[in-house]
Amino acid sequence: MFPLRDNIPTDHFPVVTAVLIALNFIAYFFLQPKTGIDLNGAGLNQQDLMHYGFIPYEITHPGQHCELLQSSQVACGTGVSDPIPTWLTPFTAMFTHAGLLHLGGNML
């Protein structure tokens, strides 16, 4: 059976949840480079996604980074530089959102 109710009262404000939601909004509006605020992510810079997004290949192949060559071509290898350490990308990917609908859906 699925529980229909929860009878455990909460005595305090969910501080960690509020901080994570605030950090997501700060990252979206102030830190994520954008051409403007959009709903569907049309103005999202694909190169920034390659740098700050989580790419499993970079984790499983230490020292090799991926770079966007054209709109649909990606090159991975040792000659590509990355502005942030690879171990940090699972965390930066959590705060990267494509648009307001994506951000709102994740914060719901």
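The values are calculated or read from the model by the stated rules, or taken from the named source; none is laboratory data. Note that the structure is a prediction, hence the values are computed from the model and not measured. Methodologically, a virtual Cβ is constructed for each residue, glycine included, from the backbone with ideal geometry; neighbour enumeration extends over all protein chains shown.
Quick notes on this structure:
- Just one residue in the set Gly77, Gly99, Gly104 is without any contact (Cβ under 8 Å) to a residue 24 or more places away in the chain and closer than 30 Å to Ala22 by Cα; that residue is Gly104.
- Positions within region 58-102 being hydroxyl-bearing (Ser, Thr, Tyr) and over 25 Å from Asn24 (Cα atoms), in sequence order: Thr60, Ser71, Ser72, Thr78, Ser81
- Taking (1) on the phi < 0 side of the Ramachandran plot; (2) modelled with pLDDT under 80; (3) surrounded by 14 or more Cβ atoms within 10 Å (Cβ to Cβ) in turn, Asp6 satisfies each apart from (3).
- Region 27-68, subset among the hydroxyl-bearing types (Ser, Thr, Tyr) and modelled with pLDDT of 75 or more, residue farthest from His102 (Cα to Cα): Thr60
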